[in-house]
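J.: My questions will all concern the structure given below.
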Amino acid sequence: MALSRRLARLGHATATAATERSAGTLAADLGGIGARPSTAALAAAATAAAAAGRASECQSLLLRMSRRRGASRREIVSSLLAASSSPTQQPQVFDLLIRTYTQSRKPREAFEAFRLLVDRRVPIPASASNALLAALSRAGWPHLAAEAYRLVLSSNSEVNAYTLNIMVHSYCKTLEFDKVDSVISEMEKRCVFPDVVTHNVMVDARFRAGEVDEAMALVDSMASKGLRPEIMTYNSVLKGLCKQSRFDKAKEAFRTMERYGVAANVRSFNILIGGYCRVGEAEEAVKLYKEMCQRGVAPDVVSFSCLIGLFTRKGKMDHAATYLREMRGFGLVPDGVIYTMVIGGFCRAGSMSEALRVRDEMVSRGCLPDVVTYNTLLNGLCKQHRLLDAEEILNEMKERGVTPDLCTFTTLIHGYCREGNTEKALQLFDTLMHQHLRPDVVTYNSLIDGMCRKGDLAKANELWDDMHAQEIFPNHVTYSILIDSHCEKGQVENAFGFLEEMVNEGILPNIMTYNSIVKGYCRSGNVKKGQQFLQKMRQDNILPDLITFNTLIHGYIKEENMHEAFNVFNIMEKEMVQPDVVTYNMLINGVSEQGNMQEAGCVFKKMGARGIEPDRYTYMSMINGHIAAGNSKEAFQLHDEMICRGLLGSNVQPDAPGIEAVKDAELRPCGFKTRDAAMVVACAPRARMRMRTRSTTCLLWNIVVSFELSYCEVRS
């Protein structure tokens with residue numbers, strides 16, 4: 001009770017008497033054991049502390065007031081007004097009140113207090129209103145910031161360049177340039193004019209909006225206003241131009257800096273290097289890096305991160321390793337991001353031993369891998385079918401306290417599904433669910449694809465239903481997998497069911513989806529319908545591609561309908577779709593099997609005239625056709641041409657004992673040489689000869705007998 005009476009007397013004392021009390025005495029008065037001073041008492045103490053210039057003590061008291069249970073902003077403001085002898089002459093406490101709220105991350109409460117003070121016609125210092133405007137802008141409440149700004153103007157409160165820049169920045173964040181112009185116009189009436197900072201903010205916003213010309217016009221206008229662009233201005237210009245891929249303009253601006261005496265800093269170089277790295281311009285990026293070093297501007301982690309990232313994406317791991325060494329030469333320590341980029345580069349290049357070596361180096365230098373690093377390694381190992389090593393990495397993750405995330409499990413599930421081990425994939429899926437991780441559409445796509453590859457469409461449909469139950473909606477990939485799987489089995493009607501649902505869900509099919517349907521018709525023995533389906537593709541603005549036409553040609557050849565196969569080939573050429581070696585190989589093989597070697601020869605010549613190099617399969621089809629037709633001379637000519645092109649690999653050479661047996665027992669009487677025997681062996685895939693076996697002699701004899709007379713005639 002004694003403490004309460006003393007605080008009441010303190011509240012009614014004059015400001016002068018209050019200021020004579022020491023900070024220690026006041027703290028003792030308010031901090032007694034079991035005491036809970038009233039809001040009025042705290043307000044009186046805070047007002048006294050502010051008047052005495054003890055800002056820290058005042059803010060401590062105001063903070064206690066704001067944290068009091070049940071104390072409203074209206075009560076706090078009223079108490080402070082009551083404790084102030086003259087609010088207009090002692091605005092410090094109100095300035096500190098607003099800033100206490102904003103520093104406590106309570107911008108809404110600060111706004112309420114500010115509005116109450118404006119209603120009471122209390123003058124608010126610019127520092128307080130600026131703190132409020134900045135807090136509201138940072139909090140992402142532009143409407144409240146705009147309302148507070150209107151209150152500032154309507155109350156004729158003090159404003160300055162900081163007020164202008166806060167509001168310009170707030171509107172620039174949302175690219176509301178008309179409101180930016182309005183703020184500048186209002187502030188100019190109060191003799192507050194845009195400065196370099198204002199222009200920097202506006203230039204950056206214009207570039208973000210893609211308005212390059214307007215941004216450059218702002219920079220050019222600075223000189224007429226007596227403002228000189230600084231390094232931040234030019235860096236905004238460089239960043240904006242690089243983002244728009246206007247690299248010629250960016251280099252021009254970079255050189256302009258030098259003429260105006262503005263020295264480029266490491267950020268300037270990094271913006272340009274990063275821009276060139278983003279578009280894969282390695283040569284320009286390296287030039288800028290060398291120029292930076294020559295000028296004495298030390299590169300930082302960002303510089304090396306850009307360059308190392310570029311070369312790892314390009315697969316030039318020797319260059320990436322060079323910059324990693326240079327980085328250490330500058331006394332910089334690679335971070336986890338850089339190490340992960342290098343590991344990712346080696347993984348994409350298939351050099352898993354190098355990727356694991358970098359992981360070991362990373363750990364030895366005290367940089368522990370995170371979940372992204374481990375996921376990168378797992379992805380690389382799964383792509384190389386090293387699932388046992390992937391399991392070891394997963395165990396290492398857990399031992400080091402790195403919790404596997406959804407990407408970890410999805411990567412492994414995908415890897416096991418590709419290997420056909422769907423049981424293990426489902427076990428991982430169960431583990432994922434038990435760890436309360438929510439699978440996404442990629443996880444389900446991997447499992448559905450695995451089941452479809454295995455031919456287990458029932459399980460695939462079960463996963464499809466589970467997806468919908470989890471409210472995870474299929475995407476284009478999901479539908480494509482199921483459509484393709486049903487088409488593989490020739491179940492075109494089922495595939496059409498998924499296609500119709502896909503369209504109804506607003507997912508537009510692409511060329512891959514339609515190619516699956518064409519393949520389905522061909523697999524079901526209905527190639528004509530597959531060709532008719534091209535009309536629907538064109539109606540849907542999907543033009544048939546090389547795969548579409550090759551699928552139809554293959555389908556007709558399987559039906560031994562070479563006439564229609566050539567019709568499709570002609571349509572293909574008319575639609576300017578360039579045939580490839582596969583197209584020609586199918587046609588050559590088709591007519592060769594029908595014994596029409598004259599037509600096969602025409603296709604072969606046409607292929608060469610189009611600049612398409614024949615491969616080993618082309619020659620084998622031609623040679624087999626000539627062998628079947630008894631054209632041994634043409635067969636051997638093609639064989640010699642095949643050798644000249646380096647297409648007769650060592651894997652088709654029979655072993656020495658087999659050749660010697662043939663040479664001694666059967667071939668010598670007819671004048672055959674060892675090389676000729678090898679050729680005959682190589683040209684007998686229809687006899688399904690097993691190379692490098694003793695059975696070569698027996699199988700070869702059947703071919704030699706048919707060639708004996710004609711071949712001896714050729715050699716004579």
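The values are calculated or read from the model by the stated rules, or taken from the named source; none is laboratory data. As the structure is a prediction and not an experimental result, all values here were calculated from the model. When we count neighbours, we look across all protein chains shown, and the Cβ atoms used for this are built from the backbone with ideal geometry, even at glycine.
J.: Could you count how many residues in the stretch 49-87 are part of a helix (DSSP H, G or I) and closer than 19 Å to Leu117 by Cβ?
T.: Residues meeting the conditions: 22.
J.: Of the residues in the stretch 522-570, how many are part of a helix (DSSP H, G or I), surrounded by fewer than 17 Cβ atoms within 10 Å (Cβ to Cβ) and polar (S, T, N, Q)?
T.: 5
J.: May I pose another question? Could you check how many residues of the stretch 571-586 are outside any helix (DSSP H, G or I) and among the hydrophobic types (A, V, I, L, M, F, W, C)?
T.: Within the stretch 571-586, residues that are outside any helix (DSSP H, G or I) and among the hydrophobic types (A, V, I, L, M, F, W, C) number 2.
J.: Could you grab me the full set of residues in the stretch 499-528 that are charged (D, E, K, R), touching a residue at least 24 places away in the same chain (Cβ under 8 Å) and farther than 28 Å from Val581 by Cβ?
T.: Glu505
J.: When the residues of the stretch 110-139 are narrowed to those that are closer than 25 Å to Ala52 by Cα and of a type outside the set (A, V, I, L, M), which ends up surrounded by the fewest Cβ atoms within 10 Å (Cβ to Cβ)?
T.: Filtering first and then ranking leaves Arg121.
J.: Which residues, counting only those in the stretch 168-187, are among the aliphatic types (A, V, I, L, M) and either in the same structural domain as Asp95 (by TED's automatic domain parsing) or not in a loop (DSSP other than H, G, I, E, B) (or both)?
T.: Matches in the stretch 168-187: Val168, Val180, Val183, Ile184, Met187.
J.: Do we find a residue being over 28 Å from Tyr374 (Cα atoms) and either aromatic (Phe, Trp, Tyr) or within 22 Å of the chain's Cα centre (by Cα) (or both) anywhere in the stretch 413-434?
T.: No, the stretch 413-434 contains no residue that is over 28 Å from Tyr374 (Cα atoms) and either aromatic (Phe, Trp, Tyr) or within 22 Å of the chain's Cα centre (by Cα) (or both).
J.: Quick one: is Asn165 touching a helix residue (DSSP H, G or I) at 6+ places or on another chain (Cβ under 8 Å), farther than 19 Å from Leu97 by Cβ and either part of a helix (DSSP H, G or I) or modelled with pLDDT of 95 or more (or both)?
T.: Judged against the criteria, Asn165 is a match.
J.: Let me ask something additional. With respect to Gly601, is the statement that it is at positive phi and out of contact with any Ser or Thr (no Cβ under 6 Å at 6 or more places or on another chain) true?
T.: Details: at positive phi: no; out of contact with any Ser or Thr (no Cβ under 6 Å at 6 or more places or on another chain): yes.
Spelling it out, it is not the case that Gly601 is at positive phi and out of contact with any Ser or Thr (no Cβ under 6 Å at 6 or more places or on another chain).
J.: Now for a different question. Gly350: crowded, with 21+ Cβ neighbours inside 10 Å, small (Gly, Ala, Ser) and in contact (Cβ under 8 Å) with a residue 24 or more places away in the chain, yes or no?
T.: The answer is no for Gly350.
J.: Looking at the stretch 590-621 only, could you name the residues that are acidic (Asp, Glu) and surrounded by fewer than 16 Cβ atoms within 10 Å (Cβ to Cβ)?
T.: Glu613, Asp615
J.: Looking at Met167, Met187, can you tell me which residue is touching a residue at least 24 places away in the same chain (Cβ under 8 Å), buried (at least 18 other Cβ atoms within 10 Å of the Cβ), more than 26 Å from Asn265 (Cβ to Cβ) and within 35 Å of the chain's Cα centre (by Cα)? Quick ask: steps written out before the conclusion?
T.: Values: Met187 fails: within 35 Å of the chain's Cα centre (by Cα).
Going through Met167, Met187 in turn, the sole match is Met167.
J.: Related question: Test Val219 against the stated conditions and say whether it is crowded, with 20+ Cβ neighbours inside 10 Å, part of a helix (DSSP H, G or I) and touching a His at 6+ places or on another chain (Cβ under 9 Å).
T.: When the stated conditions are applied, Val219 passes them.
J.: Considering only the stretch 268-290, how many residues are part of a helix (DSSP H, G or I) and either loosely packed, with under 15 Cβ neighbours inside 10 Å or in contact (Cβ under 8 Å) with a residue 60 or more places away in the chain (or both)? Write out each step before concluding.
T.: Initial filter on the stretch 268-290 (part of a helix (DSSP H, G or I)): 268-278, 282-290.
So of that shortlist, the ones also either loosely packed, with under 15 Cβ neighbours inside 10 Å or in contact (Cβ under 8 Å) with a residue 60 or more places away in the chain (or both) come out as 283, 287, 290.
The number of residues fulfilling the criteria is 3.
J.: On to the next question. Go through the stretch 56-88 and count every residue that is modelled with pLDDT of 85 or more, small (Gly, Ala, Ser), surrounded by fewer than 22 Cβ atoms within 10 Å (Cβ to Cβ) and more than 49 Å from the chain's Cα centre (by Cα).
T.: 1
J.: Still on this structure: Looking only at the stretch 342-392, which residues are more than 16 Å from His414 (Cα to Cα) and acidic (Asp, Glu)?
T.: Filtering the stretch 342-392 down to residues more than 16 Å from His414 (Cα to Cα) leaves 342-373, 392.
If the condition is that a residue be more than 16 Å from His414 (Cα to Cα) and acidic (Asp, Glu), then Glu354, Asp360, Glu361, Asp370, Glu392 are the ones that fit.
J.: Within the stretch 623-645, restricting attention to residues that are among the charged types (D, E, K, R) and in a helix (DSSP H, G or I), which residue is surrounded by the most Cβ atoms within 10 Å (Cβ to Cβ)?
T.: Here the answer is Glu634.
J.: From Pro91, Pro107, grab the single residue that is modelled with pLDDT under 90 and either surrounded by 22 or more Cβ atoms within 10 Å (Cβ to Cβ) or under 18 Å from Ser79 (Cβ atoms) (or both).
T.: Working: Pro107 fails: modelled with pLDDT under 90.
Answer to the check: Pro91.
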